[in-house]
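Asker: Just passing along the structure, written as structure tokens.
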Amino acid sequence: MNITKYSEDKDTRGGFGEGLLELGRKNPNVVALCADLTGSLKMDAFEKEFPERFFQIGIAEANMMGIAAGLTIGGKIPFTGTFANFSTGRVYDQIRQSIAYSGKNVKICASHAGVTLGEDGATHQILEDLGLMKMLPGMTVINPCDHNQTKAATLAIAEHEGPVYLRFGRPKVPNITPPDQKFVIGKAVVLKEGKDVSIFCTGHLVIKALLAEELLAAKGINAEIINIHTIKPLDEEAILKSVAKTGCAVSCEEHQIAGGLGDSIAQVLAKKLPKPLEYVGVNDSFGESGTPDQLMTKYGMDVDDVVAAVLRAVGRK
């Protein structure tokens, strides 16, 4: 298939920054909090235009979550911003107790997720965050694939009542979704229809799946590509409809295989439609320093890994 690009490559965090600024202009109740990473999260435009609605908390992420929870009581819609590792692993107790348990309307916005954070290394490359957050009752979990979709998701979660975890990344990636898209929480997007295998992908793995599709077509395999931008609530209907047609599936995510999107898909298939499922993701390992491309290859999340997983899945039908 020919991959449509709507602009030059852009980073997903830039989409978040643009969405946050637009929200600030639309909704006076939107406020932003950051843990000393304003530039990295592209929150500086919001800070400049709405200084009275921006709170620089400093390197005190746990405090930031508590403040955000408190702001909701006064009707504010707080968007917190820091790296994914510090948005989840460092502050899990505060999120569980102060935000999720009482259903506070906090939007936890997390950049630099996965190994594509790159040279900062394993201590910053969280690969467990989707699992941590999806296990919290009432938490919505979203992982968009490019700049445009991240902006659309940022706008959409402001309209959603309840806690949300929005995950995005550091590097520039191809901008493959339209700028005027309507982002519907919990609704998967079919990027290409196929009949031989269902490839369910999320985040930075969406472009990898699309590139893999071209190689698979050369091998006579007609793949269906579905962008699962919402990890929770999961679009079970889309998953079951696709796998009923293709007979096998592959999940692709920049995350630990254990606890991520693939695990959620496996639960759906095990209960309602037992079919072969293969995984593309990190297999029980921490990351390390390196370029994003080097790390995606080393940890089994590149185009060739998607192709290999598809061949395994098709071979099990």
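Quick note: the coordinates plus some simple rules give every number you see, no bench work behind them. Here the structure is a predicted model, which means the values were calculated and not measured. Glycine gets a Cβ as well: all are built from the backbone with ideal geometry, and neighbour counts include every protein chain shown.
Asker: Okay, helix-only estimate at 222 nm for the chain: each DSSP H run of n ≥ 4 adds -39500 (n - 2.57), divide by all residues, round to 500 deg cm²/dmol; what do you get?
Answerer: Theoretical 222 nm ellipticity from helices: -10500 deg cm²/dmol.
Asker: Another one. Quick one: helix 261-272 against the long Cα principal axis of the chain, what's the angle to the nearest 10°, folded into 0 to 90?
Answerer: Here the helix axis deviates by roughly 60 degrees.
Asker: Please give the helix 147-159 orientation as an angle from the longest Cα principal axis of the chain, in degrees from 0 to 90, rounded to the nearest 10.
Answerer: The helix 147-159 is inclined about 60 degrees to the chain.
Asker: Anything over 20 Å Cα to Cα? Flag those among Lys208/Lys232; Lys195/Lys241; Lys76/Lys104, in the order listed.
Answerer: Listed pairs above 20 Å: Lys208/Lys232.
Asker: What distance in nm separates the simple spin-label points at Tyr101 and Asp293, each placed 7 Å from Cα in the Cβ direction?
Answerer: 4.8 nm
Asker: Any idea what the relative contact order of the chain is, in percent, if you count C-alpha pairs under 8 Å spaced at least 6 apart?
Answerer: 19 percent
Asker: Measure off 7 Å from each Cα along the Cα-to-Cβ vector at Lys172 and Glu49, then give the distance between these two points in nanometres to one decimal.
Answerer: Calculated label separation equals 2.3 nm.
Asker: Roughly what angle does helix 303-315 make with the longest principal axis of the chain, taking Cα atoms, 0 to 90 degrees, to the nearest 10?
Answerer: Taking the Cα atoms of the chain, the angle to 303-315 is about 50 degrees.
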